[in-house]
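For reference, the structure discussed in these notes is given below.
The values are calculated or read from the model by the stated rules, or taken from the named source; none is laboratory data. All figures in this text were calculated on a predicted structure; none of them were measured in a lab. Counting neighbours? That spans all protein chains shown, and the Cβs are built from the backbone with ideal geometry, glycine included. Note: accessible area is taken over every heavy atom of the protein model, side chains too, but ligands, DNA and RNA are not part of it. Shrake-Rupley method; radii C 1.70, N 1.55, O 1.52, S 1.80 Å.
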Amino acid sequence: MFQSSSRDNHHKPLEFKSLSECSVRNLLDKVDILRIAASLKQDQKQKGKLGQFLTPAPVAELMAGMFSKLDLPQISLLDAGAGVGSLLAAFVAHLCHSQKRPANLNIVAYEIDPFLIGYLHQTFKLCAKECQIAGISFNYEIRHTDFIEDTVRLLQPSLFDNPDNCRFTHAILNPPYLKINAHSKIRDLLRSIGLETSNLYTGFIASTVQLIESRGELVAISPRSFCNGPYFRDFRRMFLEIMALDQIHLFESRQQAFIDDEVLQETIIIHALTKWIEILKRNKLFLIIDNLCKKKR
């Protein structure tokens, strides 16, 4: 990963090799070094306040490999809680070394923590060079704003905005894990899009699926707690109305996913596809059956 030492460069600082010589593994390793550096310097109180757990490279690579529809002329990716960009970098690496690549890749990354923005910019520079090598036109945007608040704004009907402009073909997500106060602004924002939930991670996932276009797909890592119980019933209903689960990855150990952060909560990865087409077909079929029943009466 680093240039080798010799007598001539023994006293020179270690440097990364050029990305033209860089493999997928090296790109992921470089971004993981940024993640580790950020974690060591990050204010722990701020980290806890935001519910941040940055994604290690092996988990990011696993998640990126779960996407099934990459043979598109243009891909638009959403990362709603980007951190240093581990997930989007894994997606770029996976895409650039696929046999069928898109001509264009656009990424929108949300990150509210100003401390992580600098690291995120570095990750995007690495990704841009990787895409250049692969012959993919690459554009990105970092949105330093609250994701849920911005989603509610984007979902509001407007005479000036085209709703299709804020839709994504793919979304990859490691949401913040944090309880939401019943009287908080975030809780009210989520209620405005029809969701009652007690944890920020389900709010992020629910907001994300609202922005995925027809035939799009989502890969997300989250606690397993949403799978049962009354607290997440509203979320399950909303999620399954829009998405169809395709894969669920279970970890053998509770510590396996976020070993650096000593997360003991049971964690899973889900891969899901939007089912707008299926919903439309089902509603159309329901109308046909309903009309036939009325005629028989």
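Sticking with the crude label model, points 7 Å out along Cα→Cβ, report the distance from L155 to D188 in nm, one decimal please.
Each label point is offset 7 Å from its Cα along the Cβ direction, giving 1.7 nm.
Of the accessible area of segment 67-187, with the probe set at 1.4 angstrom, what percent is carbon plus sulfur? Present the calculation step by step, with values, prior to reporting the outcome.
On the way: 2920 of 5660 Å².
Here it works out to 52 percent.
Dipole of segment 117-223 (Lys/Arg Cβ +1, Asp/Glu Cβ -1, origin at the Cα centre): which of N181, F168, L155 lies farthest to the positive side?
The listed residue farthest towards the positive side: N181.
Any idea how far apart K179 and H121 come out in nm if each label point goes 7 Å out from Cα toward Cβ?
Distance between the two pseudo-spin positions: 3.8 nm.
Using the per-residue mean of other Cβ atoms lying within 10 Å as a proxy for protection, in what order, highest first, do the peptides 244-251, 88-95, 143-150, 52-59 fall?
Values: 244-251: 13.1, 88-95: 26.2, 143-150: 17.1, 52-59: 22.2.
Going by the mean number of other Cβ atoms within 10 Å, highest first, we get 88-95, 52-59, 143-150, 244-251.
Sort K185, K275 by accessible area with a 1.4 Å probe, largest first. Before the final figure, lay out each step's value.
Values: K185 120, K275 45 Å².
Of K185, K275, the descending order of accessible area is K185, K275.
Given the whole protein assembly as supplied and a 1.4 Å probe, what does the accessible area of R236 come to in Å², nearest 10?
60
With N denoting the number of residues in segment 132-250, provide Rg(C-alpha) divided by 2.2 N^0.38 Å, to two decimal places.
This ratio for segment 132-250 stands at 1.13.
Using the structure shown, list the pairs from K30/K69; K69/K125; K69/K179; K69/K185 with a Cα-Cα distance above 28 Å, or answer none. Working shown, then result.
Values: K30/K69 26 Å; K69/K125 25 Å; K69/K179 33 Å; K69/K185 36 Å.
Among K30/K69; K69/K125; K69/K179; K69/K185, the Cα-Cα distance tops 28 Å for K69/K179; K69/K185.
Just the number please: accessible area per residue for segment 135-216, 1.4 Å probe, all protein chains included, in Å².
Details: 3980 Å² over 82 residues.
That works out to 49 Å² for each residue.
Where does each of S137, S222 land when they are ordered by accessible area, with a 1.4 Å probe and the largest first? Each step should come with its number before you reach the end.
Working: S137 55, S222 0 Å².
Descending order: S137, S222.
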